[in-house]
Each structure stands twice: as structure tokens, then as C-alpha cells.
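Below is one structure, written out as C-alpha cells, with a few remarks after it.
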Amino acid sequence: DVKVTQSSRYLVKRTGEKVFLECVQDMDHENMFWYRQDPGLGLRLIYFSYDVKMKEKGDIPEGYSVSREKKERFSLILESASTNQTSMYLCASSAGGEANEKLFFGSGTQLSVL
Amino acid sequence: QKEVEQDPGPLSVPEGAIVSLNCTYSNSAFQYFMWYRQYSRKGPELLMYTYSSGNKEDGRFTAQVDKSSKYISLFIRDSQPSDSATYLCAMITGGGNKLTFGTGTQLKVEL
């Protein structure tokens, strides 16, 4: 069974802390994505990656960075966490090519920044 | 105006009812249309996938796309309490690299 695993289910951090969210997929997928999900706003794309060491900005990249050193792993970094980054963060992957639209999601990380 | 509009609900129906969930969109370049289901405190999972206009059926679920009206629907027959979830529509252009999601409709099927 395909799997996207996010390292933490819940995280509580303080304003100004550097935060790392980790995501691992076991499907040998080319593409990986980071979304945040907020009530009334739906899913918004932060960053995505087509390949190792490649990254592309999504719709709301400000305040975030990403790292993809290995194909199976995609990390989201909050350089200096702020309260408006309190959200549910969802990692996803897709095979790419004609299957680009079929995303597989992790269970999410609920981040609270105090 | 958002590219994809979806009524957030909540929508509450009795068990066994037929449920209709809908999205409208403004970008005529969208060619692939999806419905994702998201249970509480879980990530979304792909439920239905259609290309261009027409219907697709999978068990109790039917996805319908009307590109001329820029309108997509998901029908659930004989709804069950286990169908209680948030349903997100999503779409992508041909050759596109990122999905555009609706905000989701919360559905509750009551006994």
C-alpha cells in the first residue's frame, strides 16, 4: 500500500523558532508537494519539487523554504515561526507525467505557533 | 473571485439519501477533474478522477463534468454514515503541474 509519512502529528512551537516538518514517501514518486490547510481557505500550495534538489514556489511561499536532498524525502522549513503560520500542513506526492494529478497525501501535521 | 468555488456546507442528510456535491470553476483550460475525500484529522484521499466532460461511475459514486457550464458534480447514492467527511473538488490543466482545489464541502450522514 502506498504511503506518505509525516514525521509529527502535532507540534507546538514558539514565535521565532526554526521549525522542520519532514515528509517521506515510499512510492518512488517524482513529485512532492507541501500544502497548508486553513478553515475557509482550503488547500494552498506552499512549495513543490519535481526532482531531487529541485524546488518551485507555490502560491504562498513567503516565510517558508524547502529541501529535497533525496527522492523520497521533502522537508518544509519555517525559518522563524510566526503565529499566522499556525495551520494544518499536508505533504503529498505524485508519480508525475500523466499521473501528475493523482496526489497521495500524508495524514498532516497540526502546527501551533504560540 | 476564486478559480474554483465550492459551498462549504455543512450538509446534513439522512442515511440512504442521494447526495449531490458541486463545484464551479472559471478557468476553461482545466481538463482533469478530481474529487478527494477527507476524514477528520486525516489527509485527503483520491475518490474519483475524470477527464474532460461526461460521467464516471464507481460503485455508489458518480462524477459528472459539464465543461460548457464549468460545473462538476459528485453524486453519492444510498449514503452511509461512513460517507461523513469533507469532499474537496480539484482540477488541473492539461500538462499542468499543480492542482487547484475547492475549499471543500463538509457532509454528515445521519442514522
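The values are calculated or read from the model by the stated rules, or taken from the named source; none is laboratory data. Keep in mind that what you see is a predicted model, and the values were worked out from it rather than measured. When we count neighbours, we look across all protein chains shown, and the Cβ atoms used for this are built from the backbone with ideal geometry, even at glycine.
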Among the residues of the range A:72-91, which ones are part of a strand (DSSP E or B) and either modelled with pLDDT under 95 or more than 10 Å from chain B (Cβ to nearest Cβ) (or both)?
A:Arg73, A:Phe74, A:Ser75, A:Leu76, A:Ile77, A:Leu78, A:Ser87, A:Tyr89
Scan the range A:54-67 and give yes if some residue there is touching a strand residue (DSSP E or B) at 6+ places or on another chain (Cβ under 6 Å) and in contact (Cβ under 8 Å) with a residue 40 or more places away in the chain, otherwise no.
no
Go through the residues of the range B:4-14 one by one and say whether even a single one is under 23 Å from A:Cys91 (Cα atoms), surrounded by fewer than 18 Cβ atoms within 10 Å (Cβ to Cβ) and free of Cβ contacts under 8 Å to residues at least 24 places away in the same chain.
no
Give me the pairs: first residue in the range B:30-43 and under 26 Å from A:Ser8 (Cα atoms), second residue of a type in the set (D, E, K, R), beta-carbon distance under 8 Å, and six or more apart or on different chains, which are they?
B:Tyr36/B:Glu45; B:Arg37/B:Glu45; B:Gln38/B:Glu45
Filtered residues of the range A:69-97 (kept if within 16 Å of A:Val12 (Cβ to Cβ) and in contact with a Lys or Arg (Cβ under 6 Å, 6 or more places away or on another chain)):
A:Ala81, A:Ser87, A:Tyr89
Restricting the first residue to the range A:102-113 and requiring it to be free of Cβ contacts under 8 Å to residues at least 60 places away in the same chain, which pairs with a second residue that is crowded, with 16+ Cβ neighbours inside 10 Å and of a type in the set (Phe, Trp, Tyr) meet a Cβ separation below 8 Å and a spacing of at least six or different chains?
A:Lys102/B:Tyr49
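Would you mind finding the one in A:Val66, A:Val52, A:Val24 that is surrounded by fewer than 20 Cβ atoms within 10 Å (Cβ to Cβ) and assigned to a strand (DSSP E or B)? Please lay out each step first, then the result.
Working: A:Val66 fails: surrounded by fewer than 20 Cβ atoms within 10 Å (Cβ to Cβ); A:Val52 fails: assigned to a strand (DSSP E or B).
On inspection, the qualifying residue turns out to be A:Val24.
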Counting only residues that are within 11 Å of another protein chain (Cβ to nearest Cβ) and at positive phi, the range A:7-63 contains a total of 2
If we ask which residues in the range A:28-48 are surrounded by fewer than 14 Cβ atoms within 10 Å (Cβ to Cβ) and under 24 Å from A:Lys70 (Cα atoms), their number turns out to be 1
